[in-house]
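This report refers to the structure that appears directly beneath it.
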Amino acid sequence: MRRSCPIGILLCLALSSFGQSKDGVDTLKTQEINEVTVTAHQIGRVKTSGIGNMELISSKELLRAACCNLGESFTTNPSVDVNYADAATGAQQIKLLGLSGTYVQMLTENIPNYRGLAAPFSLSYIPGPWMQSIQVSKGASSVKNGYESITGQINVEFKKPQATPFADANLYYNTKGKLEANLGGNLKLSERWSTALLGHYEILDKAHDDNDDGFVDMPKVRQGSLQSRWAWLGDRYIFQASVKGLKEHREGGQISHHSSLTTHPYLIDVTNERYEAFTKNAFFLNEEHATNIALILSGSVHHENATYGHQLYRVNQRNGYASLLFETDINEHHSLSTGLSLNHDYLDQRGQLEHCGLDIDERDDETTPGVYAQYTYKLGEQLTVMGGLRWDHSNIYGSFVTPRMHLKYSPNDIITLRGSIGKGYRTSHVLAENNYLLASGRQIVVDTDLDQEEAWNYGLSAALSIPIGEKKLELNAEYYYTNFLHQTVMNLDSDPHAVHFTNLNGDSYSHTWQVEASYPFFEGFMLTATYRRTDVKCTYAGILKEKPLTNRYKGLLTASYAPGLGKWQFDVTLQLNGGGRMPTAYTTNEGKPSWDERYKGYEQLSAQVTRFFRYWSIYAGGENITGFKQKNPIIGADNPWGSHFDSTMIWGPLHGAVYYIGVRLNWNRI
């Protein structure tokens with residue numbers, strides 16, 4: 001289904017990232033957009049028509065589930081997996097193309113964000129009601145946003161101050177006792193000035209121990225955040241600014257109703273404070289050729305104080321980012337984008353790791369200036385070729401080059417073929433990114449002189465839109481291969497009582513195949529089925545093995561039905577998660593392995609019903625209705641002070657069915 005959008009409407013939608021170009025990646029072209037074509041794929045989730053394999057998760061799609069935060073926004077998404085990293089802190093991690101979220105470049109408003117220390121809990125830092133849309137890009141991405149994307153990018157767009165005036169609220173409560181409230185609204189101050197304010201507060205203050213192992217199944221959480229946004233829209237200049245603050249407190253560990261544990265309980269206490277700010281400035285130089293120049297400045301400060309039993313971990317992280325971009329359309333076939341960037345990361349880590357016998361007092365300071373150029377050739381609607389090249393220089397790793405290329409071929413309206421190849425790099429901050437590992441008795445051993453991670457990603461995809469009567473069957477098939485040249489390997493196999501971070505010495509790769517079909521069987525009803533197969537292997541101590549705690553396959557079946565005038569909406573999602581390999585187990589005193597060599601597949605069912613009214617809606621639903629949960633996820637829970645204690649062997653859900661109810665209030669002035 002093709003839609004041509006008026007320029008005025010697209011201008012407002014594009015302001016946060018200075019536009020969505022015809023090649024599907026962010027540009028500065030907010031002043032002139034001739035046409036943006038979108039292919040409808042599923043209610044609220046669409047495949048963009050650009051050169052990259054990107055899908056847009058709209059606000060409509062986010063309403064299909066509770067979506068309390070970014071991590072819960074991928075419930076109906078077949079490409080992104082979200083799992084708990086451990087059973088004690090509630091840290092979550094995403095996986096894309098079978099690899100952990102550290103290889104996905106996280107962006108907010110097309111600015112790199114949530115790196116290093118922010119990674120373990122970042123999925124809970126973005127409230128669902130704040131989001132206007134999410135863009136998921138697989139494989140090699142544009143070089144404009146830096147060199148860090150290896151498996152893809154996830155970009156979050158927030159609600160805009162310059163959008164149609166709105167005021168909204170969301171109240172949510174579930175059977176675990178979690179209460180959440182969100183407020184938002186914008187205001188037009190003058191013909192050119194507008195502002196918006198977004199607020200969030202959540203509390204989970206009840207201790208649950210359904211498996212009776214003495215540890216809470218999910219930590220107590222209190223979180224509050226506030227974001228203030230400003231925009232000024234001129235004829236040849238656009239200014240935007242945002243300031244955001246967040247504070248979160250997590251409490252976990254052993255609970256007091258086990259009287260034998262109250263004298264010396266194992267407690268977890270994690271407090272995070274984070275402050276962010278950015279400004280964007282766009283100057284339009286030539287309307288006919290869409291010639292633009294823009295300056296983006298952003299910064300963040302993040303403090304974390306964490307206690308895991310007797311282990312103390314304190315971190316301060318600062319980040320500064322600047323980007324100067326220039327773009328122009330030379331003619332209808334050729335366009336050019338060039339730019340300069342500067343990124344600075346500073347980490348101050350201090351800690352006392354009792355079971356490792358280590359006192360940490362480290363400061364990491366990395367500054368990386370860079371320059372890029374990207375050229376796009378377009379031959380009508382049939383062929384688009386885009387090539388980009390970056391040069392960056394790190395004060396730690398020296399100079400490195402990032403090449404990336406994309407190809408799109410659409411011989412007709414039925415089939416579209418895409419291909420991509422590109423390289424990505426990233427700097428590992430081992431303890432900051434994985435500090436949830438401190439909630440275990442494992443020793444943490446980090447090799448000195450870890451290499452900068454470096455990998456190639458290759459991708460192929462085919463999209464078919466097959467007319468069947470007045471409807472269309474949408475089919476998508478894709479394959480991605482990621483091959484690491486240098487990698488920081490987390491080895492859980494060599495010693496079941498230790499985790500060893502080393503440089504890669506051998507092969508490490510990921511193969512991912514995915515097929516998807518979507519069809520509207522009748523008016524208001526959409527059914528989508530997806531199957532994904534993943535083969536991820538890495539060399540551990542000289543032996544090539546399947547990566548542990550990684551599902552071999554995933555099946556997803558989603559159905560959405562909005563009958564009649566759309567006053568009701570019914571959504572059901574069934575996930576089939578394949579089994580995988582567990583890390584090497586230790587031998588108990590009885591001579592048995594402490595856990596099975598492999599874990600089996602499991603299913604999860606979620607459903608929601610929503611009733612819409614003119615200015616408000618009410619919704620109710622359930623997550624993990626099938627009730628499956630991992631039995632005894634914490635190893636050695638009876639003695640958390642011993643070497644057998646481990647809360648990181650997580651492969652499945654940590655709690656059973658959760659039911660919820662919520663109310664959304666919406667006022668939009670048209």
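For this structure, a couple of remarks:
- Residues of the range 569-608 satisfying the condition of being surrounded by fewer than 15 Cβ atoms within 10 Å (Cβ to Cβ) and either closer than 20 Å to Cys67 by Cα or in contact (Cβ under 8 Å) with a residue 24 or more places away in the chain (or both): Glu603
- Selected residue [modelled with pLDDT under 95 and over 17 Å from the mean Cα position of the chain (by Cα)] from Glu191, Glu180: Glu191
- Residues of the range 340-351 that are surrounded by 15 or more Cβ atoms within 10 Å (Cβ to Cβ) and either at pLDDT below 90 or of a type in the set (A, V, I, L, M, F, W, C) (or both): Leu342, Leu347, Gly351.
- Set side by side, the residues Tyr425, Tyr436 differ, and just one is in contact with an Asp or Glu (Cβ under 8 Å, 6 or more places away or on another chain), farther than 25 Å from Ser137 by Cβ and buried (at least 16 other Cβ atoms within 10 Å of the Cβ), which is Tyr436.
- Exactly one residue out of Pro129, Pro78, Pro120 is in a helix (DSSP H, G or I) and either open to solvent by less than 10 Å² (accessible area, probe 1.4 Å) or out of contact with any strand residue (DSSP E or B) (no Cβ under 7 Å at 6 or more places or on another chain) (or both), and it is Pro120.
- With respect to the conditions (1) among the hydroxyl-bearing types (Ser, Thr, Tyr); (2) surrounded by fewer than 21 Cβ atoms within 10 Å (Cβ to Cβ); (3) touching a residue at least 40 places away in the same chain (Cβ under 8 Å), Ser137 falls short on a single one, namely (2).
- Thr512 meets each of the listed conditions (1) touching a strand residue (DSSP E or B) at 6+ places or on another chain (Cβ under 6 Å); (2) in contact (Cβ under 8 Å) with a residue 24 or more places away in the chain; (3) open to solvent by 30 Å² or more (accessible area, probe 1.4 Å); (4) part of a strand (DSSP E or B) apart from (3).
- Considering only residues in the range 621-669 that are under 19 Å from Asp86 (Cβ atoms) and of a type in the set (Ser, Thr, Tyr), the one that is surrounded by the most Cβ atoms within 10 Å (Cβ to Cβ) turns out to be Ser647.
- Residue within the range 148-157 that is farther than 27 Å from Val221 by Cα, in a loop (DSSP other than H, G, I, E, B) and open to solvent by 20 Å² or more (accessible area, probe 1.4 Å) present: yes
- Filtered residues of the range 390-417 (kept if among the hydroxyl-bearing types (Ser, Thr, Tyr) and open to solvent by 80 Å² or more (accessible area, probe 1.4 Å)): Tyr409
- Condition broken by Tyr201, with the remaining ones in (1) open to solvent by 90 Å² or more (accessible area, probe 1.4 Å); (2) in contact with a His (Cβ under 8 Å, 6 or more places away or on another chain) satisfied: (2)
- Single unsatisfied condition, Val243 versus (1) exposed (fewer than 15 other Cβ atoms within 10 Å of the Cβ); (2) within 24 Å of Leu347 (Cα to Cα); (3) touching a Gly at 6+ places or on another chain (Cβ under 6 Å): (3)
- Matching entry among Gly177, Gly214 (being over 24 Å from Leu107 (Cα atoms) and touching a helix residue (DSSP H, G or I) at 6+ places or on another chain (Cβ under 7 Å)): Gly214
The values are calculated or read from the model by the stated rules, or taken from the named source; none is laboratory data. None of these values were measured; they are calculated from a predicted model. Glycine gets a Cβ as well: all are built from the backbone with ideal geometry, and neighbour counts include every protein chain shown. These area figures cover heavy atoms from the full protein model, side chains too; ligands, DNA and RNA do not enter into them. Shrake-Rupley method; radii C 1.70, N 1.55, O 1.52, S 1.80 Å.
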